[in-house]
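Okay, structure first, notes after.
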Amino acid sequence: MQHLRSTTVALCAAGALVTTLGIGTPSASADPAPPIPSATNRTATTTATTTSVPSNFVIDTMGLGRRDEAGSTYRPVAMTQLLLRRWAPSLAVDGSYGYQTQAAVQAFQRAEGLTVTGKLARADFYRLFARQTVRYGDTGDAVRSLQIGLARSRTLAIDGSFGSATLSAVRSEQATHGPCHGTGVDGIAGPITRMMLFEYEHDSAC
């Protein structure tokens with residue numbers, strides 16, 4: 001698996017990026033009945049604390065100074081900021097890992113009993129992703145983060161609502177790239193599925 005790409009390209013204005021990400025109230029939709037039983041109108045699932053990171057979870061460290069490339073559909077920093085809003089609700093989603101994002105990471109690390117460094121290493125990302133596992137019927141920033149990653153390779157609304165289109169996209173991603181990471185197809189976006197979406201390029205075998 002190739003590593004995440006860092007960049008020094010200047011960001012576009014924060015307001016424009018927020019508009020592009022579709023951050024706001026999720027739009028109403030009329031999804032068909034879900035193909036798998038699931039509760040509706042939920043926010044991101046809280047999972048049990050995980051102390052052991054599986055060997056197939058591999059991701060680069062993210063820290064101060066990291067920026068998303070202007071105009072790119074690859075937005076790992078913005079995706080991370082949306083997830084961090086659970087611990088820092090006022091965090092701006094601007095695609096730039098600045099001091100505000102660093103403080104949000106520290107708040108997350110303190111709340112989760114992790115070593116407070118202000119940067120996200122492998123174990124930190126695993127806990128962040130595990131705490132915000134989402135599935136059909138979920139809504140909110142954790143779903144928006146997921147949809148940004150999924151929209152890189154398909155047309156998908158970034159509306160914060162995990163409906164049938166998002167479910168189909170998750171299953172497709174898992175079917176295509178899951179075998180390289182030892183995961184199957186269940187339509188649930190857990191740590192491994194999110195990790196795959198944070199890859200700049202997928203393994204060639206996938």
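For the reader, a short list of remarks on this structure follows.
- Exclusive hit being modelled with pLDDT of 95 or more and either within 18 Å of Met195 (Cα to Cα) or in a loop (DSSP other than H, G, I, E, B) (or both), set Gly65, Gly71: Gly65
- Within region 100-119, being in contact (Cβ under 8 Å) with a residue 40 or more places away in the chain and under 14 Å from Leu82 (Cα atoms) holds for no residue.
- Test: residue in region 159-171 that is out of contact with any strand residue (DSSP E or B) (no Cβ under 8 Å at 6 or more places or on another chain) and surrounded by fewer than 16 Cβ atoms within 10 Å (Cβ to Cβ): yes
- Among the residues of region 179-192, those that are surrounded by 19 or more Cβ atoms within 10 Å (Cβ to Cβ) and part of a helix (DSSP H, G or I) comprise His181, Pro191, Ile192.
The values are calculated or read from the model by the stated rules, or taken from the named source; none is laboratory data. Because the structure is a prediction, the values reported are computed rather than measured. Methodologically, a virtual Cβ is constructed for each residue, glycine included, from the backbone with ideal geometry; neighbour enumeration extends over all protein chains shown.
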